[in-house]
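Visitor: The structure is given below, and queries will be raised subsequently.
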Amino acid sequence: MLSADQLLNELLARARGVTEVEHVATEAVLGRVLAADQVSAITVPPLDNSAMDGYAVRAAECLSDVVLPVSQRIAAGQVGQALQPGSAARIFTGAPVPSGADTVVMQEHCTVQGEGITVNQAPKAGDNIRRAGEDIQRGDVILATGTRLGAAEMGLAASVGLAGLPVFRRLKVASFSTGDELVQPGMPLAAGQIYNSNRYALAGLVQGLGCDWIDLGAVPDTLTDTIDALQRAAQQADVVITSGGVSVGEEDHVKAAVSQLGTLDMWKVAMKPGKPLAYGRIGTADFIGLPGNPVSTFATFCLFARPFLLARMGATSVLPTTYQVRAGFDWPKARERREFLRARLVNTDDGSLQAELFRNQSSGVLTSAVWADGFVDIDIGHTVQRGAPVRFIPFAEVLG
Ligand code: AMP
Ligand code: MG
């Protein structure tokens, strides 16, 4: 049996990042992966500028009984004249600070006296000035190759004038569910049947990562149907992800089908939910076979398929940030498998965050994943007492 960390290493060792690059308008790069370092050609902000609506002055001249005549008015987008000694410039947020001025006094601290002002509170030199280059220096690498582009990155690229960015092409991920018992939502259920939920969870998981999702629906539990579906999937996609059919039952045909079409690594992972997970190659496509229990599918996708796909997309940061919180539960018995328990975070009176467990941790109970905020990760052989620190993996870190 492999540990969860070993499995992750095995998978990541097999992830070859895409190399094809396309140029995409900055407003359309959400979720894409940057294909080249971006160097700023400019300094941001380009000039010292005012952080306030107020008056640009020399701090040493601001004595409470001195009226400083207002000699000019500088709005954002304008450049003023050098500030003459003994005067003030009306200035607005974002406007360049005129040469000669060393301070901006906020208007609330000034009193208008005819054509001039008095400053009511002695300012400190440098107050309320945003310095040229305090954000970005010309020549800085503002975004590195392999960065996943979100809202902040899009804004930063635009702030140095980049109208478009080189990104890796989108990854194509095909998925299908296996199981004779599965019925598509919208159809009536007969005895013995269940609705196919993994197809929909996978649709969200795959698309949430910014991959193109190629849907092959549900496939009956026969070897020929499974081979046919795998072949079709592998021809269209970079990565094929399936759910179910990877156990050792007579109705589990995925492993045999992958072995016939390509190569297969089959792993038993010492974790719960989860356990069996398959990796293979069919032609140029990667294959990942997830277990069929809905919570197992969800958890193994988040913990293993997601880092693999991110690495395959060309991203450099593929692992979730985790947090230490306090256990709001007792876990008295050490287990032989690492547990990824569905838990919710609660604020306690002492200000710490405490993880509470969903009442039913069965790998078939998908309600737990909706109720929870993330996974509590309890290692093999560990017990936990209420109040002790535990590792928490927020869903926000593994969805999308
Ligand atoms: P399997 O891995 O195929 O043995 O399936 C394990 C369990 O997960 C069984 O109870 C299946 O009915 C259930 N299951 C498998 N695939 C799905 C699916 N797509 N949607 C909902 N439940 C599933
Ligand atoms: Mg099955």
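The values are calculated or read from the model by the stated rules, or taken from the named source; none is laboratory data. Every value quoted in this text rests on a predicted model; they were computed, and no experiment measured them. Positions of Cβ are backbone-derived with ideal geometry, glycine not excepted, and every protein chain shown enters the neighbour counts. Accessible surface areas use protein heavy atoms only, side chains included; no ligands, DNA or RNA. Shrake-Rupley method; radii C 1.70, N 1.55, O 1.52, S 1.80 Å.
Visitor: How many residues are more than 27 Å from residue 44 (Cα to Cα) and in a strand (DSSP E or B) when one looks only at segment 88-111? Write out each step before concluding.
Guide: Keep residues of segment 88-111 that are more than 27 Å from residue 44 (Cα to Cα), which gives 108-111.
Next, only the ones that are in a strand (DSSP E or B) stay: 110-111.
Final tally of qualifying residues: 2.
Visitor: Would you confirm whether any residue within segment 2-13 is open to solvent by 50 Å² or more (accessible area, probe 1.4 Å) and touching a Lys or Arg at 6+ places or on another chain (Cβ under 7 Å)? Before you say what the answer is, go through the steps one by one.
Guide: Of the residues in segment 2-13, the ones open to solvent by 50 Å² or more (accessible area, probe 1.4 Å) are 5-6, 9-10, 12-13.
Narrowing the set further to residues that are touching a Lys or Arg at 6+ places or on another chain (Cβ under 7 Å) leaves none.
No, the conditions are met nowhere in segment 2-13.
Visitor: I need the full set of residues from segment 165-176 which are open to solvent by less than 20 Å² (accessible area, probe 1.4 Å), outside any loop (DSSP other than H, G, I, E, B) and either acidic (Asp, Glu) or more than 16 Å from ligand 2 (Cβ to nearest atom) (or both), in order please.
Guide: Keep residues of segment 165-176 that are open to solvent by less than 20 Å² (accessible area, probe 1.4 Å), which gives 165, 167, 171, 173-176.
Filter again for outside any loop (DSSP other than H, G, I, E, B), leaving 165, 167, 173-176.
Matches in segment 165-176: 165, 167, 173, 174.
Visitor: For segment 195-299, give me every one of the strands (runs of 3 or more DSSP E) that falls completely inside it and has 1 or more residues that are small (Gly, Ala, Ser) and either open to solvent by 10 Å² or more (accessible area, probe 1.4 Å) or within 16 Å of ligand 2 (Cβ to nearest atom) (or both).
Guide: On the way: elements: 212-219, 239-243, 263-268, 276-282, 285-290.
Correct list: 212-219, 239-243, 276-282, 285-290.
Visitor: For segment 87-100, how many residues are in contact with a helix residue (DSSP H, G or I) (Cβ under 9 Å, 6 or more places away or on another chain), closer than 10 Å to residue 57 by Cβ and open to solvent by 10 Å² or more (accessible area, probe 1.4 Å)?
Guide: From segment 87-100, those in contact with a helix residue (DSSP H, G or I) (Cβ under 9 Å, 6 or more places away or on another chain) are 87-88, 90; that's our starting set.
In the following step, the residues that additionally are closer than 10 Å to residue 57 by Cβ were identified as 87-88.
Restricting the remaining residues to those that are open to solvent by 10 Å² or more (accessible area, probe 1.4 Å) gives none.
Number of matching residues: 0.
Visitor: To continue, here is another question. Among the residues of segment 312-353, write down those that are more than 30 Å from residue 166 (Cβ to Cβ), open to solvent by less than 20 Å² (accessible area, probe 1.4 Å) and of a type outside the set (Phe, Trp, Tyr). First the steps, then the outcome.
Guide: Of the residues in segment 312-353, the ones more than 30 Å from residue 166 (Cβ to Cβ) are 322-353.
Restricting the remaining residues to those that are open to solvent by less than 20 Å² (accessible area, probe 1.4 Å) gives 325, 327-329, 339-343.
Residues satisfying the conditions are 325, 327, 328, 339, 341, 342, 343.
Visitor: Residues to consider are 85, 46, 69; find the one that is touching a residue at least 40 places away in the same chain (Cβ under 8 Å), part of a loop (DSSP other than H, G, I, E, B) and more than 28 Å from the chain's Cα centre (by Cα).
Guide: 46
Visitor: Is it fair to say residue 212 is modelled with pLDDT under 95, away from ligand 1 (no atom under 13 Å from the Cβ) and charged (D, E, K, R)?
Guide: On the way: modelled with pLDDT under 95: no; away from ligand 1 (no atom under 13 Å from the Cβ): yes; charged (D, E, K, R): yes.
So residue 212 does not fit the description; no.
Visitor: If you take the residues in segment 177-190 that are open to solvent by less than 20 Å² (accessible area, probe 1.4 Å) and within 12 Å of ligand 2 (Cβ to nearest atom), which one is farthest from the chain's Cα centre (by Cα)?
Guide: So, considering only residues that are open to solvent by less than 20 Å² (accessible area, probe 1.4 Å) and within 12 Å of ligand 2 (Cβ to nearest atom), the one farthest from the chain's Cα centre (by Cα) is 179.
Visitor: Check segment 374-390 and report whether any residue there is closer than 29 Å to residue 143 by Cβ, touching a residue at least 24 places away in the same chain (Cβ under 8 Å) and out of contact with any Cys (no Cβ under 8 Å at 6 or more places or on another chain).
Guide: Here is the first cut: in segment 374-390, the ones closer than 29 Å to residue 143 by Cβ are 374.
Now drop any that are not touching a residue at least 24 places away in the same chain (Cβ under 8 Å), which leaves 374.
Of the ones still in play, those that are also out of contact with any Cys (no Cβ under 8 Å at 6 or more places or on another chain) are 374.
There is at least one residue in segment 374-390 that is closer than 29 Å to residue 143 by Cβ, touching a residue at least 24 places away in the same chain (Cβ under 8 Å) and out of contact with any Cys (no Cβ under 8 Å at 6 or more places or on another chain).
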